[in-house]
Amino acid sequence: MDLKPSGSLKIDTFSMRIGDIEGVELDRLHAHSLAVGWPHRAEDWQFLRESGEGVVALDEIGRVLGSAMWFAHGDDFATVGMVITSPRLQTLGAGQWLMKRVFDKVVGRDLRLNATRAARRLYLSLDFQPEKTVYQCQGIARMQTMAGPANARGDVRTLAARDIPAAIALDAAGFGVRRAALIEKLFTHSVGYGLFKGDKLNAFALCRPFGRGHVVGPVVAESDADAVAIVRPHVADHSGSFLRIDTHMDNGEFAAFLSHSGMPVFDTVLTMSMGKRLNDFAVGDAVAPVTYALASQTLG
């Protein structure tokens with residue numbers, strides 16, 4: 001497949017050109033995602049622009065008709081997200097054109113993304129391989145009337161800046177890639193709870209404003225009980241308001257806890273990869289931290 005991107009694309013009776021996402025006003029990006037029903041606020045777009053890079057497709061009068069972003073972690077890995085095309089262009093090759101621009105910028109990296117049902121055919125055509133389903137769980141948070149099993153190993157405490165290095169190490173073990181800059185940035189926008197045994201951080205969950213309310217993620221823990229223990233305080237903090245969490249977990253104590261806490265499965269996307277697969281990032285056979293919830297579908 002020839003992946004060398006061209007500088008413009010003629011669609012119907014007009015042409016699109018590529019622009020840097022940094023040069024586009026936030027209100028135009030917000031309108032762009034609203035047009036396809038995505039919940040991102042202007043503030044969410046700004047967070048993503050500060051965390052990664054991206055391109056937009058502009059028509060002849062500067063309207064945003066497409067976007068694509070990538071988030072590099074080290075020299076060998078990147079996640080891809082915010083790949084959006086205007087509904088009338090989705091069957092006309094605009095998505096593939098944008099992805100070719102991304103490929104040109106991430107040469108030599110293993111890639112991971114989360115594909116909506118509408119986009120899966122595009123990513124399959126570009127040789128991405130299916131991995132795991134992501135369950136988008138959301139709703140009006142509520143505290144459970146009955147306490148869950150008390151099997152968490154340690155004490156739950158609010159996280160502070162001094163806990164960032166330990167959180168980075170846990171995230172790397174669970175995600176498979178070190179994301180130091182991203183975790184540091186998430187800490188500045190989030191409230192976090194950690195599970196400690198003595199002074200050692202064994203699990204953590206961050207929660208920040210996003211979309212219609214707040215999103216919990218990432219969540220990294222070694223067991224369902226530990227994951228529940230660090231997410232439960234966020235449910236309490238936001239009881240009666242909108243809360244969302246994106247997880248690969250479809251059964252067990254953690255999945256049941258989300259449903260009982262007012263966050264049933266709302267939708268699904270599919271994690272897909274190019275290069276190393278998810279299992280290729282596993283660290284040995286010992287009990288290791290697991291990513292129970294993504295930072296977001298865009299960030300992974």
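Just so you know, all these numbers are worked out from the coordinates, no wet-lab data involved. Just so you know, these numbers come straight off a predicted model, no measurement behind them. So basically every Cβ, Gly included, is an ideal-geometry build from the backbone, and we count neighbours across all protein chains shown.
Below is a table of values for the structure above.
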{"item": "Rg and Dmax of the range 125-258, Cα atoms only, in Å", "result": "14.8, 50"}
{"item": "Near-label residues of the range 190-204 by backbone N, under 13 Å of a point 7 Å along Cα→Cβ of Arg157", "result": "193-203"}
{"item": "Cα→Cβ-extended label distance, 7 Å offset, between Asp20 and Ala288, nm", "result": "3.7 nm"}
{"item": "Zero-based 10 Å bins, Cα pair distances in the range 8-108, whole percents", "result": "15, 51, 30, 4, 0"}
{"item": "Helical contribution to [θ] at 222 nm, DSSP H n ≥ 4, -39,500 (n - 2.57), averaged over the chain, rounded to 500", "result": "-8000 deg cm²/dmol"}
{"item": "Debye log10 I(q)/I(0) for the range 32-86, one point scatterer per Cα, at q = 0.18, 0.22, 0.26 Å⁻¹", "result": "-0.64, -0.89, -1.11"}
{"item": "Debye, to nearest 20: dipole size of the range 155-300, +1 on Lys, Arg Cβ, -1 on Asp, Glu Cβ", "result": "440 debye"}
{"item": "Electrostatic dipole magnitude of the chain [Cβ: Lys, Arg +1; Asp, Glu -1; Cα centre; debye, to 20]", "result": "360 debye"}
{"item": "Under 13 Å, Cβ to Cβ, from Gln129 - net charge with Lys/Arg +1 and Asp/Glu -1", "result": "+1"}
{"item": "Dipole magnitude (debye, nearest 20) for the range 8-108, charges at Cβ of Lys, Arg, Asp, Glu", "result": "400 debye"}
{"item": "Cα-projected label distance for Arg142 with Asp27, points at 7 Å along beta-carbon direction, nm", "result": "3.9 nm"}
{"item": "Kirkwood hydrodynamic radius (C-alpha pairs) into Stokes-Einstein, the chain, 20 °C and 1.002 mPa s, D in µm²/s", "result": "108 µm²/s"}
